[in-house]
1. Does Ile211 fit the bill of being more than 28 Å from Thr77 (Cα to Cα), part of a loop (DSSP other than H, G, I, E, B), at pLDDT below 95 and among the aliphatic types (A, V, I, L, M)?
2. Scan (1) more than 28 Å from Thr77 (Cα to Cα); (2) β-branched (Val, Ile, Thr); (3) touching a helix residue (DSSP H, G or I) at 6+ places or on another chain (Cβ under 9 Å); (4) at pLDDT 95 or above for the single condition Ile135 breaks and write down its number.
3. Only one of Tyr179, Tyr236 is under 19 Å from Leu136 (Cβ atoms), part of a loop (DSSP other than H, G, I, E, B) and at pLDDT 95 or above. Can you tell me which?
4. Could we say that Asp231 is surrounded by fewer than 16 Cβ atoms within 10 Å (Cβ to Cβ), in contact (Cβ under 8 Å) with a residue 60 or more places away in the chain and over 24 Å from Ser25 (Cα atoms) here?
5. Does Gln193 satisfy the criteria of being farther than 23 Å from Phe271 by Cα and either touching a residue at least 40 places away in the same chain (Cβ under 8 Å) or in contact with a strand residue (DSSP E or B) (Cβ under 6 Å, 6 or more places away or on another chain) (or both)?
6. I'm told Asn153 meets every condition in (1) surrounded by fewer than 23 Cβ atoms within 10 Å (Cβ to Cβ); (2) part of a strand (DSSP E or B) except one. Can you identify the failing condition by its number?
7. Of the conditions (1) at pLDDT 95 or above; (2) buried (at least 18 other Cβ atoms within 10 Å of the Cβ); (3) under 25 Å from Ser22 (Cβ atoms), Leu94 fails just one. Which one is it?
Amino acid sequence: MEIYKKVKKNYMNLKNIQFGGSKYSVLSWNLSWEMQTGKSWGKIWCSTKNPNNCQENVANYLKSLNEFDLIAFQEATRTNNFEKKESSSYIEYLANTMYKVKYKSGLESIVSYFNKNKFNLIDYSGYQFKKGRPILAILLEEIITKKKLLFINLHASHLLFYYQLIKLNKFIRDSKFEYNEILIAGDHNTNLQFFNKINQKYIVDGNEFKIPNIPTTTCCNPLGNNKVIPDKTIDYILYSKRNLNIKTGLQDKNFKQYFPNADHIPIMTSFNF
């Protein structure tokens with residue numbers, strides 16, 4: 001019998017902001033384990049220089065964007081630095097407006113944030129594709145409508161995701177969440193266009209997800225700068241209700257101001273719930 005760990009809650013202070021409507025913004029970003037820990041596999045720039053500089057660049061870039069309602073970070077060991085840093089260069093709104101849920105598998109932590117002025121937390125659970133490749137599912141209730149959103153943050157292993165989808169489905173079914181829609185964000189470590197090539201569907205708990213066309217590649221840049229062009233598309237945000245238009249950091253002319261940062265490129269979108 002498989003046991004799913006409950007996730008430790010992390011509370012932050014509340015800040016008065018305006019309620020949004022039913023349109024929500026989402027960010028997903030693999031922050032790089034090496035950058036977050038300062039440890040190296042011999043290829044990552046930030047671990048051999050100053051990991052705090054890279055963290056500050058990540059924080060500065062996110063601060064330059066509009067605030068997000070939902071955030072999924074993968075390889076996110078040291079996100080407390082974003083929340084506790086007094087400098088205005090760090091992300092104040094994470095500490096002031098967001099509720100944080102964290103799950104760790106092996107050496108890796110994934111972190112999900114949601115705007116607690118717009119959602120209530122109903123339930124949460126964590127699991128793993130394998131040790132060091134976590135899945136975090138949080139069940140949110142929209143404050144205005146009481147509709148429920150299942151927000152899944154994942155970091156898959158390098159095994160073709162088509163096969164890992166079986167484990168994801170078992171986890172969601174066994175967790176017995178009751179929801180209206182599902183939002184999935186994270187590093188799939190597979191170009192999901194593979195599903196279309198083999199005439200298969202990406203289905204979770206009976207919900208079919210359309211595979212979006214990501215406009216630019218998202219991985220991987222081992223130098224974390226503008227010298228290397230990523231050549232893989234493996235990071236996705238998927239919504240059970242419809243296909244989403246995804247934007248990546250490479251489409252933002254300001255993104256290059258914040259190198260070095262992570263070896264993945266952030267992705268973002270919005271959706272109507």
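1. Values: more than 28 Å from Thr77 (Cα to Cα): yes; part of a loop (DSSP other than H, G, I, E, B): yes; at pLDDT below 95: yes; among the aliphatic types (A, V, I, L, M): yes.
For Ile211, the condition - more than 28 Å from Thr77 (Cα to Cα), part of a loop (DSSP other than H, G, I, E, B), at pLDDT below 95 and among the aliphatic types (A, V, I, L, M) - is met.
2. The number of the failed condition is (1).
3. That would be Tyr179, the only listed residue that is under 19 Å from Leu136 (Cβ atoms), part of a loop (DSSP other than H, G, I, E, B) and at pLDDT 95 or above.
4. In short, no.
5. No, not satisfied.
6. In the conditions (1) surrounded by fewer than 23 Cβ atoms within 10 Å (Cβ to Cβ); (2) part of a strand (DSSP E or B), Asn153 misses (1) alone.
7. Every condition holds for Leu94 apart from (1).
The values are calculated or read from the model by the stated rules, or taken from the named source; none is laboratory data. Since this is a predicted model, take the numbers as computed values, not measurements. Because the Cβ atoms are built from the backbone with ideal geometry, glycine has one as well, and the counts that use them run over all protein chains shown.
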